[in-house]
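What follows is one structure encoded as structure tokens, with my remarks underneath.
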Amino acid sequence: IAGIEFVYEQWLNSIDILMSNVTNPSSTEKLKESSLEALGYMCQDIISPAIEAKANPILTAIVHGMRKEEPSDHVRLAATNAMLNALELTKQNFENPDERNIIMQVICEATQAPHSQIRVTALQCLVKIMSLYYNFMEQYMLRALFPITVEAMKNETDEIALQGIEFWSNVCEEELNLAAEAEEAQEQGIAPQHVSRHYAKGALPHILPILTQTLTKQDEDDEDEWIPAKAAAVCITLLAQCTQDAIVEQILPFITQHFGNDNWHYREAAIMAFGSILEGPSAQILHKLVEQAIMPLIGTLNDAHAAVRDTAVWAIGRICDTCADLVTRPETLQSLIPALFTALHQEPRVAFNVCWAISSLAKAAYQVAAEQGTDENGEPATYILSSVFQQMVDELIKTTDRTDANTANLRIAGYEALMELIKNSPQDCYAVVQQTTLIVLKKLEQLLNIEHSLVSASDKAQLRDLQSLLCATLQSVLRKMHREDVPAISDPIMAGLLQIMQRCVGKESGGVMEDALVAVTELITVMGVQFGKYMDQFKPFLLAGLINYEDPQVCLAAIGVLSDLCRAFEGQIFPLMDEFMAHLLKILENTTVKRTVKPHALGCFGDIAIALGANFARYLNTTMDWLVNAASAAQISNPDDIDQIEYVELLREHCIAGFTGIVNALRGQNELALLLPHVQNMVQLIDMVARSGSLSSESLQASACGLIGDLVTSVGQPILPIVETEPILQMLQKCRRSKHNKAKTLAQWTTREISRVKKQV
Amino acid sequence: RFREFKNENKEKEKQRQRRQDALERQKSAREDFVLKLRGLINSTPKKDTSPGVQRP
């Protein structure tokens, strides 16, 4: 009820009543507890300036309930929960040192309460405070936060230890953000707004031994439980990113000492510690470390204990991500590849990580080969995995056929790896890619045949994920396929995709429809106008996608397909266009369509215009009305509202794409008269982008520069006075000096066009 | 962090990323198409934008 009332600034006295329920000595324990719970729910659920204005009475009640003198654990726990929910509202109180001290004091005292749930919740408050109010924490760190959280990390109660670890993970995340902010500020030559106090680096020697010890407390079986050992691994990963080289020498003794320990808990912990520090330290140090470790690590893929093999193969996957050149050495691969193939037949949890390691290895090998040189499509001629490529594909397909492949997401991981292999394949693996396409198509057919026999919701969900993945695999294959080879396989591909789309009609498809549409897009891109033979069958699905307002992603994908069809068919799409255009206009008119979809429809006008050329005149006035209205509505009224800025950016980007297409379509002398009445509106949008300064992305400014060039080229001299204004010239100058190719190329071209037109006098 | 660890929504995240990539490719195809019209590039747009592959 408060959620409804507070928006209208009504019923705010309910907070005062709840507060006095808590502070009144004659209130019963139950009344105090219930009142605090109510306040907690209000703080959790209601986002309104009205409740922020009531932060003081809320805090008074909460602090009163949290005091160590409070005899009831129920009341104290309800108050601590409410504090956790109220922290976002207390910004002003945290800025006031006296009030901040009181809040910190009651929370720190609550971390020592005898009742363990109160301690856990109070620790959660500290975790959250570290994120919300990092810059106020200096005075509390050494005397309170550090000793409290270090003790918590050592606690035997998992829930308490988890919060202690979470605190330091949060410190690392905050300091990583601050490091990024400092780097950005340095690039811009300004001082950062907030600075890091490097608490993680300072605490490292004290918390790392606790964390490594915690790593050894793994559970034998339960892989899904969140336990301190797993939280410790995540915390070490973040500490490595945050403290970089500093962590290496401190953690190395633990790794070397326990790598060959008889106790599997220690062996696994040592490998986990090693795998966790592979991102952060400098390349030089990492290289040395990995060079020593890689062969022994491959050896542990034969370990007697599954958890050790599981972690070892995960660590190898991480090495592939971070040390591509090292892992792709022939002497390493000679041992690694057979070991991975063997591990692929082990427990699903191990095989899952092998799939991931193979993906990373393929990416690493491709990257190394591409650095040596590529063809005009960016593909290297060969790579180090070429000789085993076929075998890798075969092994992965066998994995997806395992009877236990539905455990631990193994089947999905197998297809993911297959997709990465195809995506990262050089020219000499092309024949295998072609064969794989046929296998994938067969799989798709099998899946479509078993669909009706599945009963359980989980089986159906897994099948949908698999269909999505197979569509994605087809996308990868099509992107690799040579244009001349596509007609040989396009019929079965399209037949499979049409079947999938048919089965999605009228039900929640869990994203399958969208993936199928994206796969169609790839087919259109590679087939060009030859895709026309499928249009009769495909058009109903495309039209259905364009009016699927309930699933914005499908609607968006359908608009994307239409854009690609325009590029592929060019003028030949004209006979179909009345129907498509009517659907696009309905998207814009409909008030229930998600607002992020509409800009894409506006951008699509540009693709249609380019395809139709002078024939676009038929749609000019209607589309211009929509574009001009949208462009004038694309205003930033609140520079602090990130959502608004993002939406305005999206809208402007697509309006510019729409205008750009139209200007390019109506370039002929006969069409110039049609264009002229709209020029002023287009320049207005360009001017708005220019005036928005850094609130407009460089990419948007570059597109705006391109549109100026198009207008200058088409209209000539008469347009110069309205485009040679201070903000627009400044934007052109900024883009000319940009580090990004797109901005630079477009701004330079536009400047040349302006000079050329000037000289034409 | 627990959810991240459990890989909850990991597949959804990858799916989202694939779709985002598809949108990016479409955006890039549109830009390349217009660049061609402006005479700023001659070749057809490249098909693959795999990581590590630099655009000319």
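At-a-glance table
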read-out	value
Over region A:187-246: Rg over Rh, Cα atoms, Kirkwood Rh	1.16
Estimated [θ] at 222 nm from DSSP helical runs (n ≥ 4, -39500 (n - 2.57)) normalised by residues in chain A, nearest 500	-24000 deg cm²/dmol
Centre separation in Å (Cα based) which lies between region A:537-600 and region A:217-260	50 Å
Residue-by-residue Karplus 3J(HN,Hα) for region A:75-83, coefficients 6.51, -1.76, 1.60, Hz, glycine and proline x	5, 5, 5, 4, 5, 5, 4, 5, 4
Peptide-level mean, for A:372-382, of C-beta atoms on other protein chains within 10 Å	3
Cα-centre dipole for region A:119-170 with unit charges at Cβ (Lys and Arg positive, Asp and Glu negative), debye to 20	160 debye
Whole-Hz ³J(HN,Hα) from phi, Karplus 6.51 cos²θ - 1.76 cosθ + 1.60, for region A:46-51, glycine and proline x	9, 10, 7, x, 4, 6
Relative contact order of region A:189-250, defined on C-alpha pairs under 8 angstrom at six or more residues apart (%)	38 percent
Most to least accessible of A:695, A:584 (protein chains only, probe 1.4 Å)	A:695, A:584
Built amide H within the under 5 Å cut-off of residue A:425, gap 5+	none
Residues of region A:5-44 with amide N under 16 Å of the 7 Å Cα→Cβ point at residue A:69	A:22-27
Residue A:637 - accessible surface, heavy atoms, 1.4 Å probe, Å² rounded to 10	100 Å²
At 1.002 mPa s and 20 °C, Stokes diffusion of the protein assembly as shown via Kirkwood alpha-carbon radius, µm² per second	71 µm²/s
Gain on full stretching of the segment that runs from residue A:748 to residue A:95 - 0.36 nm per residue minus C-alpha separation	230.2 nm
Extended-chain gain in nm, criterion 0.36 nm per residue less alpha-carbon gap, residue A:182 and residue A:56	41.9 nm
Area of residue A:491 that stays accessible when all protein chains are in place (1.4 Å probe, Å², to 10)	80 Å²
Calculated FRET value between residue B:23 and residue A:11, using beta carbons and R₀ = 56 Å, to 0.05	0.80
Largest to smallest accessible area among A:456, A:359 [probe 1.4 Å]	A:456, A:359
List A:549, A:415, ordered by accessible area with a 1.4 Å probe, largest first	A:549, A:415
Relative contact order, percent, region A:469-571 [alpha-carbon distance under 8 Å, six or more residues apart]	30 percent
Per-residue HN-Hα couplings for region A:414-424 [Karplus 6.51, -1.76, 1.60; θ = phi - 60°; Hz; x = Gly/Pro]	x, 5, 4, 5, 4, 5, 5, 4, 5, 4, 9
Protection-proxy order for peptides A:474-485, A:19-30, A:657-668, each taking the mean of Cβ atoms within 10 Å per residue, highest first	A:657-668, A:474-485, A:19-30
Protection-proxy order for peptides A:686-692, A:136-142, each taking the mean of Cβ atoms within 10 Å per residue, highest first	A:686-692, A:136-142
Sequence-separation-based contact order of chain A, relative, with Cα cut under 8 Å and 6+ spacing, percent	5 percent
Computed magnitude of the charge dipole of region A:149-235 (debye, nearest 20; Cβ of K, R +1, Cβ of D, E -1)	660 debye
Inter-chain shielding of B:15-22 (mean C-beta neighbours from other protein chains, 10 Å cut-off)	6
Viscosity 1.567 mPa s, temperature 4 °C, Stokes-Einstein D of region A:287-395 from Kirkwood C-alpha radius, µm²/s	92 µm²/s
Dipole magnitude (debye, nearest 20) for the protein assembly as shown, charges at Cβ of Lys, Arg, Asp, Glu	2320 debye
Difference of contour (0.36 nm per residue) and Cα-Cα distance, residue A:670 to residue A:250	143.6 nm
Residue A:335 accessible area, assembled protein chains, probe 1.4 Å, Å²	40 Å²
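The values are calculated or read from the model by the stated rules, or taken from the named source; none is laboratory data. These figures come from a predicted structure and were not determined experimentally. Note that we place each Cβ from the backbone using ideal geometry, even for glycine, and neighbour counts take in every protein chain shown. Please note that ligands, DNA and RNA were not included when accessible areas were found on the heavy atoms of the full protein model with its side chains. Shrake-Rupley method; radii C 1.70, N 1.55, O 1.52, S 1.80 Å.
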